[in-house]
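Structure, as structure tokens:
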Amino acid sequence: MSASKPKVYIEILREIRSIIKEDGLAAGDKIPSERELAERLQAGRSSVREALRALELLGIIETRRGEGTFIKDFRDNDLVEILGTFILQDKNAISDLTEMNKLLEYNALQVLLAKDREAELKELRDRLKQETMAHAAFMTELMKLSDNFLLYRIWTVVSEYVKLIQPKHESGPQAVYEEIIDGLLSKDENRVFQSFYTLAHKESAD
């Protein structure tokens with residue numbers, strides 16, 4: 001294989017990613033056809049087909065017979081689990097991963113303390129009184145309320161790996177969740193983080 005071919009291949013992948021962004025496409029949306037992409041990128045259809053095949057193998061897109069090609073939610077495929085079997089062989093990587101997850105959650109709480117999300121937090125507290133919420137689901141709600149898209153996306157990826165390490169991470173004490181929310185509502189930083197550390201310590205011990 002020549003040195004130029006991989007560069008063309010990578011460039012097409014980047015251009016497809018740019019098209020997805022420019023067109024405002026998200027998980028579940030249909031992407032342009034192979035022919036349309038080739039025309040927009042002014043590239044050979046064989047090169048575009050190769051790039052699309054790689055994206056499909058990675059679980060980023062899926063082809064539905066008779067319908068077209070659609071963007072997948074990365075959490076719906078096995079990519080994270082497959083990569084995790086390699087990455088999580090390293091004890092240091094496991095430690096770093098759990099630490100990073102806690103830091104991201106801590107930062108989300110800090111951001112939330114500076115925002116006015118009273119109505120949304122009260123609604124979340126009411127939901128907790130009626131349903132048992134998993135840790136990931138609870139933190140997802142708080143991440144969204146922090147209104148920092150990059151923080152949310154990074155945490156989403158990291159938390160998927162954490163679930164591979166700590167299956168019990170899915171369950172959490174509802175009373176502590178409510179304490180965190182009450183602390184956020186009253187803008188009581190000490191209350192928020194004391195509750196957060198209680199939660200983090202409990203999950204580490206499980």
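Considering only residues that are more than 18 Å from the chain's Cα centre (by Cα), free of Cβ contacts under 8 Å to residues at least 40 places away in the same chain and outside any helix (DSSP H, G or I), which ones fall in the range 50-75?
Residues satisfying the conditions are Glu62, Thr63, Arg64, Arg65, Gly66, Glu67, Gly68, Thr69.
Residues of the range 126-136 being open to solvent by less than 80 Å² (accessible area, probe 1.4 Å) and either outside any helix (DSSP H, G or I) or small (Gly, Ala, Ser) (or both), which ones?
Once the filter is applied, which keeps residues that are open to solvent by less than 80 Å² (accessible area, probe 1.4 Å) and either outside any helix (DSSP H, G or I) or small (Gly, Ala, Ser) (or both), the range 126-136 yields Met133, Ala134, Ala136.
Only residues that are under 17 Å from Glu99 (Cβ atoms) and either crowded, with 18+ Cβ neighbours inside 10 Å or in contact with a Cys (Cβ under 8 Å, 6 or more places away or on another chain) (or both): list them for the range 137-157, please.
Met139, Trp155, listed by residue number.
How many of the residues making up the range 114-142 are of a type in the set (A, V, I, L, M) and under 18 Å from Asp73 (Cα atoms)?
Residues flagged as of a type in the set (A, V, I, L, M) and under 18 Å from Asp73 (Cα atoms) within the range 114-142 amount to 2.
Is it the case that Glu123 is open to solvent by 80 Å² or more (accessible area, probe 1.4 Å), at pLDDT 90 or above and either closer than 23 Å to Leu97 by Cα or part of a helix (DSSP H, G or I) (or both)?
In short, yes.
If I ask for residues that are touching a Lys or Arg at 6+ places or on another chain (Cβ under 7 Å) and modelled with pLDDT of 90 or more, which ones from the range 148-178 would you list?
Matches in the range 148-178: Glu178 only.
Given Leu25, Leu58, Leu52, which one is closer than 28 Å to Ser159 by Cα, open to solvent by 40 Å² or more (accessible area, probe 1.4 Å) and modelled with pLDDT of 85 or more?
Leu25
The values are calculated or read from the model by the stated rules, or taken from the named source; none is laboratory data. Being a predicted model, the structure only gives us computed values, none of them experimental. Note: ideal-geometry Cβ built from the backbone for every residue, glycine included; neighbour counts use all protein chains shown. With ligands, DNA and RNA removed, areas are computed over all heavy atoms of the protein, side chains included. Shrake-Rupley method; radii C 1.70, N 1.55, O 1.52, S 1.80 Å.
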